[in-house]
Amino acid sequence: MEDEKIIESFHLMWDTFPGLARLIDANHTVIASNPIAQSKGFVQGSTCAKVGDPASHRGCKLAKALQGGEAVTDNELSDRIRGWMPVPGHEDLCVHFAILLPTES
C-alpha cells in the first residue's frame, strides 16, 4: 500500500514536469516515470543507467544524494541540468530529473 501511495504521489507531482522525471531506487531501477521519461525508454522496471546514450549517465550522483540525504544538481552535460532528490522517509528512493536546455539556432 505504501509503495502505491509513493508512486501515486510521484505521478501527481511530476507527470506535468517539462522534462524527464523518474522515481528510482538505490539500484538504479525505475519505479515510476513521467510521460516524457517513458517516451525516452525510462519505463517501470528498467535500469536507469542502461537507457539511451551511456554518456548521458556519466557522473551520476544518485549515491551522493542518497548518502547525504540532500538534493544534488549538476550541469556536467552542456545540454541539460540534472538533479537527484532523495524521498524523505525512504532512504533508498530518489527522484531523478533532467531539464533539456534549449539549443541556440
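Derivation of every value follows stated rules applied to the coordinates shown; laboratory data play no part. Model, not experiment: these values are computed from the prediction. Don't worry about glycine lacking a Cβ; one is built from the backbone with ideal geometry, like all the others, and counts go over all protein chains shown.
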For residue 93, residues with placed amide H under 5 Å, excluding near neighbours:
87
With Cα coordinates, the longest principal axis of the chain makes an angle with the long axis of helix 2-14, in degrees rounded to 10, of 30 degrees
Give, in nm to one decimal, the length gained when the segment between residue 85 and residue 15 is fully stretched (0.36 nm per residue of separation minus the Cα-Cα distance).
23.6 nm
What order, most packed first, do the peptides 83-89, 36-42, 94-100 have when packing is the mean number of other Cβ atoms within 10 Å of each residue?
94-100, 36-42, 83-89
Relative contact order as a percentage, the stretch 2-100, C-alpha pairs under 8 Å and 6+ apart, gives 25 percent
Would you order 29, 103 from fewest to most other beta-carbon atoms within 10 Å of each residue's own beta-carbon?
103, 29
CD proxy at 222 nm, helix term only [per DSSP H run n ≥ 4: -39500 (n - 2.57); per residue of the chain; nearest 500]:
-6500 deg cm²/dmol
Can you compute 3J(HN,Hα) from phi for each residue in the stretch 78-91, using the Karplus curve 6.51 cos²θ - 1.76 cosθ + 1.60 with θ = phi - 60°, rounded to whole Hz and x for Gly and Pro?
5, 9, 7, 10, 10, x, 9, 10, x, 8, x, x, 9, 5
Measuring from label point to label point, each 7 Å out along Cα→Cβ, what is the residue 29 to residue 43 span in nm?
1.7 nm
